[in-house]
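Chemist: Starting off with a structure, shown below.
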Amino acid sequence: MDLDFGFLSEYWTYFLKGAWLTLQLSFFGVLFGTILGIGIALLRISKIGILRFLASVYIEVIRGTPMLVQIVIIYYGLTNFGINLPPFTSGVIALTINSAAYMAEVFRAGINAIDKGQTEAARSLGMSHGMALRHIVLPQAFRNMLPAIGNEFIVIIKDSSLVSFIGIADLMYNTQTVYSTTYRTFEALLVAAAVYFVMTFTLSKLLGLLERKLSAS
């Protein structure tokens, strides 16, 4: 096979802009997903049965359905109720909803891993349950959960390629534009794969450095 990457001299900006948009989508998806996930995790460990049930249903439904279906429902399905969201907003919401289900289980496991004696000690010092959770439990849990959070970020970067289905000019969408114009499909996909690898590999190394720094401190 004769590989020809000559098109990069003209189309390299497509990959760069697509990668930048992919990073934006992934960042906001994980950020908001983490915030929502913490809330769902707290409901999941709540003493109120109905709240635990609702949180469990959310997690099971989201984890049991494909992300592509979730994206299509948000972008196309909500129009039936008069809600017309821009593609980027729809993509961020879909990634947030999906990420939150996984992050909720990560936080639930992290919180449960903290010795309950620390919470009891905080309560004995006059802290409320919320204060103990915020100042004692969550900081320790976050440090323990950092590898799992990093893995979720990497997964979201890769899965964000599905938003190209609704016309968001992310890396995968721009790659399709390039190979439909240049007819160099295999080469364009190889470039896209390389860009995805660079993003995920770099992120994993940065998270590794942060994890070692937190462990040392």
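The values are calculated or read from the model by the stated rules, or taken from the named source; none is laboratory data. Bear in mind that the values here come from a model prediction, so they are computed numbers and not experimental data. With ideal geometry, Cβ positions are generated from the backbone for all residues, glycine too; neighbour counts draw on all protein chains shown. Side chains included, ligands, DNA and RNA excluded: accessible areas come from the protein's heavy atoms. Shrake-Rupley method; radii C 1.70, N 1.55, O 1.52, S 1.80 Å.
Chemist: With +1 on each Lys and Arg Cβ and -1 on each Asp and Glu Cβ, how big is the dipole of the chain about its Cα centre, in debye rounded to the nearest 20?
Modeler: 940 debye
Chemist: Further question: For the chain, which whole-number percentage of the solvent-accessible area (1.4 Å probe, protein heavy atoms only) is attributable to carbon and sulfur atoms?
Modeler: Working: 8020 of 12030 Å².
That share works out to 67 percent.
Chemist: Given a 1.4 Å probe, how much area per residue of the stretch 1-112 is accessible, in Å²?
Modeler: 55 Å²
Chemist: Of 212, 123, 184, which has the most accessible area and how do the rest follow, probe 1.4 Å?
Modeler: Correct descending sequence by accessible area is 212, 123, 184.
Chemist: At 1.4 Å probe size, with no ligands or nucleic acids counted, give the accessible surface of residue 17 in Å², nearest ten.
Modeler: About 140 Å², ignoring ligands and nucleic acids.
Chemist: Cα-Cα pairs above 16 Å in the stretch 123-217: how many percent?
Modeler: 68 percent
Chemist: Another question about this same structure. What do you reckon, how do 127, 199 stack up by accessible area (1.4 Å probe), largest on top?
Modeler: Result, largest first: 127, 199.
Chemist: Counting Lys +1, Arg +1, Asp -1, Glu -1, what net charge surrounds residue 145 among other residues with beta carbon under 15 Å of its beta carbon?
Modeler: 0
Chemist: If you build a Gaussian network model of the chain, linking Cα atoms that sit under 10 Å apart, which residue out of 182, 96, 200 swings the most?
Modeler: Result for the chain, Cα springs under 10 Å: 182 fluctuates most.
Chemist: Below 14 angstrom from the Cβ of residue 29, what's the summed charge of the other residues (Lys, Arg +1; Asp, Glu -1)?
Modeler: Result for the local shell: -2.
Chemist: Any idea what the relative contact order of the chain is, in percent, if you count C-alpha pairs under 8 Å spaced at least 6 apart?
Modeler: Here the relative contact order equals 31 percent.
Chemist: At 222 nm, what value in deg cm²/dmol follows for the chain if DSSP H runs of at least 4 each add -39500 (n - 2.57) and the sum is divided by all its residues, to the nearest 500?
Modeler: Mean residue ellipticity, 222 nm, calculated: -26000 deg cm²/dmol.
Chemist: Specify which residue in the list 8, 46, 62 is farthest towards the positive end of the charge dipole of the stretch 1-74, using unit charges on the beta carbon of Lys, Arg (+1) and Asp, Glu (-1), about the Cα centre.
Modeler: Value: 46.
Chemist: Kirkwood Rh, Cα Rg: Rg to Rh for the chain?
Modeler: Rg divided by Rh gives 1.07.
Chemist: Let me ask something additional. Using only the alpha-carbon atoms, what does the stretch 38-99 span along each of its principal axes? Please give whole angstrom values in decreasing order.
Modeler: Cα extents, longest axis first: 38, 21, 18 Å.
Chemist: Report the per residue volume, in Å³, of the convex hull enclosing the C-alpha atoms of the stretch 48-147.
Modeler: In the stretch 48-147, the Cα convex hull volume per residue is 144 Å³.
Chemist: Also, quick follow-up: Taking the alpha-carbon distance from residue 158 and a cut-off under 29 Å, which lysines remain once sequence neighbours fewer than 8 residues away in the same chain are dropped?
Modeler: 17, 205, 213
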